[in-house]
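*Asks:* Below: one structure in structure tokens.
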Amino acid sequence: MKANSFVSVGSWQEAYKLLKASPKNKILGGGLWLKKGNAQVDTLIDLSRLNLNKIEDKGSFIEVGSMVSQRELETSSIIKGFAGGVISKAVSKIMGPSFRNVATIGGSIYGKYGFSDLITVLLAFDVELQFYPSKTMSLDEYLKTPGFYDGILTHVRIKKEDAKAFFKKVCITALDYPILNVAISKAKTYKVVVGSRPLVATTLDKTMEYLNNGGADFKKAAEIAVEELKVGDSMATKGEYRKQLAKVYIERGLEEVNK
């Protein structure tokens with residue numbers, strides 16, 4: 001990636017005006033994945049002066065600023081206190097601490113990366129994305145919408161609920177991209193999510209319908225999951241192997257959240 005200029009903005013209006021001025025202008029975020037591309041960027045827009053580096057308990061939800069680093073999310077006492085700390089545990093498996101100190105939550109989510117551990121675990125909960133100037137949508141809706149929203153992601157809001165949760169990352173070594181991610185939560189209803197398919201994470205709607213209508217045979221639920229799960233091949237492994245992994249870890253995850 002090459003950029004012609006860098007601007008640290010002082011207001012939302014300035015940031016949005018710059019972003020809309022040219023399709024070659026980009027929000028910087030942590031910049032870890034952006035710099036690996038070959039894009040010719042006119043202006044990099046830095047949001048670090050806009051007070052987006054906070055994690056706050058808002059009562060009914062946890063609000064995470066888009067410039068919060070993965071490491072800050074991992075170590076936050078607020079995040080550790082939610083759903084058995086499953087989000088913190090999932091983030092702790094992303095690369096090493098030096099990487100997590102730079103990667104931002106906003107950049108990790110906005111990019112819709114198929115290999116994202118963070119997206120997978122967040123999709124197991126009721127998560128809302130707030131965009132500037134005036135757009136709110138669920139994480140699930142954002143992932144299912146083609147392309148990228150043309151506003152600026154400012155906050156991620158995680159609804160607080162009494163939930164038990166499970167997360168599993170399957171990879172060859174600790175610093176590898178995942179071969180598969182599985183996340184499951186159980187509160188009033190079940191949510192079952194598979195990521196790194198190698199496509200972006202998705203909920204398994206037929207599996208959840210079976211479970212949420214009283215289905216209690218976890219082996220059968222895992223079989224339903226494998227039937228509806230769409231996977232692909234990658235350099236790391238074949239799609240069929242991903243399905244077998246999903247079957248094993250979905251069954252184990254359902255047993256875990258029901259202990």
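*Asks:* Just one of the numbered conditions (1) closer than 17 Å to Thr203 by Cα; (2) assigned to a loop (DSSP other than H, G, I, E, B); (3) at pLDDT 95 or above; (4) of a type outside the set (A, V, I, L, M) is not true of Lys168; which one?
*Replies:* Result: Lys168 fails condition (2) only.
*Asks:* So is Ile184 modelled with pLDDT of 95 or more and in the same structural domain as Lys220 (by TED's automatic domain parsing) or not? Spell out how you get there, then give the answer.
*Replies:* Details: modelled with pLDDT of 95 or more: yes; in the same structural domain as Lys220 (by TED's automatic domain parsing): yes.
Yes; evaluated as a whole, the condition is true for this residue.
*Asks:* So Lys160 passes all but one of these: (1) farther than 25 Å from Pro198 by Cα; (2) at pLDDT 95 or above; (3) in contact with a helix residue (DSSP H, G or I) (Cβ under 8 Å, 6 or more places away or on another chain). Which condition number does it fail?
*Replies:* Just one mismatch for Lys160, condition (3).
*Asks:* Within the range 206-217, take every residue that is surrounded by fewer than 18 Cβ atoms within 10 Å (Cβ to Cβ) and touching a residue at least 12 places away in the same chain (Cβ under 8 Å) and give me the one that is nearest to Pro178 (Cα to Cα).
*Replies:* Just the residues of the range 206-217 that are surrounded by fewer than 18 Cβ atoms within 10 Å (Cβ to Cβ), to begin with: 206, 209, 212-217.
From what is left, the residues that are touching a residue at least 12 places away in the same chain (Cβ under 8 Å) are 206, 212.
Values: Lys206: 24, Asn212: 28 Å.
Selected residue: Lys206.
*Asks:* Regarding the range 237-247, can at least one residue be identified that is more than 21 Å from Tyr113 (Cβ to Cβ), crowded, with 22+ Cβ neighbours inside 10 Å and modelled with pLDDT of 95 or more?
*Replies:* No, the conditions are met nowhere in the range 237-247.
*Asks:* Does at least one position in the range 141-149 carry a residue that is buried (at least 20 other Cβ atoms within 10 Å of the Cβ), in contact with a strand residue (DSSP E or B) (Cβ under 6 Å, 6 or more places away or on another chain) and not assigned by TED's automatic domain parsing to the domain that holds Thr189?
*Replies:* Yes, the conditions are met somewhere in the range 141-149.
*Asks:* A further question follows. Keeping to the range 134-157, report how many residues are modelled with pLDDT of 95 or more and among the small types (Gly, Ala, Ser).
*Replies:* 1
*Asks:* Could we say that Phe115 is surrounded by fewer than 19 Cβ atoms within 10 Å (Cβ to Cβ) and among the hydrophobic types (A, V, I, L, M, F, W, C) here? Walk me through how you get there before you give the answer.
*Replies:* Numbers: surrounded by fewer than 19 Cβ atoms within 10 Å (Cβ to Cβ): no; among the hydrophobic types (A, V, I, L, M, F, W, C): yes.
No: the conditions fail for Phe115.
*Asks:* Right, something else. Output the number of residues of the range 74-83 satisfying the condition of being surrounded by fewer than 17 Cβ atoms within 10 Å (Cβ to Cβ) and under 26 Å from Thr173 (Cβ atoms).
*Replies:* The number of residues fulfilling the criteria is 2.
*Asks:* Please enumerate the residues belonging to the range 71-82 that are over 16 Å from the mean Cα position of the chain (by Cα), touching a residue at least 12 places away in the same chain (Cβ under 8 Å) and in a helix (DSSP H, G or I).
*Replies:* Thr75, Ile78
The values are calculated or read from the model by the stated rules, or taken from the named source; none is laboratory data. Since we're looking at a predicted model, the values are computed, not measured. Cβ coordinates were reconstructed from backbone atoms using ideal geometry, including for glycine residues, and neighbour counts include every protein chain displayed.
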